[in-house]
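A quick write-up on the structure given underneath.
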Amino acid sequence: MSYFFRVSRRWAGLRAEVCCLLGAVALGSGSRPVLAQDAEFGQSIALQAATASGQAGGGQAGQMVPDAPEPQDQTTPQGQTTQPGQQPGPGGTTPPGQTQGQGQTPAQGQATTPQAQGQGSQQEAPLPQTNRILEIIPNFRAVTTDEKLPPMSVKDKFVGATEDSFDYSAIFIPLMLAGYSDATRATPEFGHGWPAYARYFWHTSVDQTSENYWVEFIVPVVTHEDPRYYTLGRGGFLKRMGYALSRTVVTRTDKDKEEFNFSEVVGAGAAAGISSLYYPSRERSLGNVGTEWGLDVAIDSMSFVVKEFWPDVNHALFHRHDASGASRAAAGQ
């Protein structure tokens, strides 16, 4: 239909042009009446053809031009969003449970990977404490890093102080201190030689036992403090060293809160004051009591440092026996 109307319109226009041309020629030759009629007829035919072509073309255009497609509903199910750059699934919806970011592929949208999941399992467990250091020195009060233990009862504190005082290894520190005191003649009234060494030894042994009971049993029962050493076990050397030394003045309570270490400071001072009662009268002075007090606190501070780094030393030197050491510590041997 469109082809027919286009041909008709062109034919009508061509005929009108021919008629007009003939009319012009007729004007010059004197045959105006006949050619004028032909020209008018051609113009009317051209006008009618143009009108009919316009009407037909408009109707054909309405028939040929399709309606604009209606926009499809691409809403996603409730609770799901489609970000810019995301390709929706069939029907313009996003698969349930899937949310993708801008320019993101499904592989990139995964939160965890097998490699990330494996990193947590590859983390090493804290190095365990053992009941003894080098299988000799008592280490019963040391607690492994992150280990949670119930509060100590009065009986537990008494047993702990007794173990530290009468263990077979408790003899080593008095032996060393007696030798040092005899060499420096710390108490001239004791003399020099083996008799003097024996006097130094039993005085030092009593000092150690008294200090253990005051620091680990008597004062902790009164103040409800925990006399155990809780290993930090992580961080750099200086951080762990500072932590170990700070335990001299900071400790935990039976309610797992930190407070001033009355057990160490007050207990060591009480033991030093009592020790003056069994030393020669010339040695009973505030200066000597202060010296004994400072010596007891310094020894305990150094013991905290040894307890802190003993798991690392044990692992470096005897790492093949870590499992057996941990099992012995768990069994309480």
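The values are calculated or read from the model by the stated rules, or taken from the named source; none is laboratory data. The model shown is predicted, which means the values in this text are computed figures rather than measured ones. Every residue, glycine as well, gets a Cβ built from its backbone with ideal geometry; the counts of neighbours run over all protein chains shown.
Counting only residues that are on the phi > 0 side of the Ramachandran plot and of a type in the set (D, E, K, R), how many does the range 215-256 have?
Residues that pass the stated criteria total 1.
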Hey, any hits in the range 273-287 for a residue that's among the polar types (S, T, N, Q), closer than 21 Å to Phe201 by Cβ and in contact (Cβ under 8 Å) with a residue 40 or more places away in the chain? yes
Within the range 207-258, work out how many residues are assigned to a helix (DSSP H, G or I), surrounded by fewer than 16 Cβ atoms within 10 Å (Cβ to Cβ) and among the β-branched types (Val, Ile, Thr). 1
What single numbered condition from (1) modelled with pLDDT under 95; (2) under 23 Å from Ile218 (Cα atoms); (3) aliphatic (A, V, I, L, M) fails to hold for Ala323? (2)
Looking at Glu163, Glu189, which is the one that is acidic (Asp, Glu) and surrounded by 14 or more Cβ atoms within 10 Å (Cβ to Cβ)? Glu163
Is it the case that some residue within the range 262-277 is modelled with pLDDT of 95 or more, in contact with a Pro (Cβ under 7 Å, 6 or more places away or on another chain) and either over 30 Å from Pro188 (Cβ atoms) or in a helix (DSSP H, G or I) (or both)? yes
Conditions (1) of a type outside the set (S, T, N, Q); (2) without any contact (Cβ under 8 Å) to a residue 40 or more places away in the chain; (3) within 18 Å of Pro227 (Cβ to Cβ) -> Asp164 fails only (2)
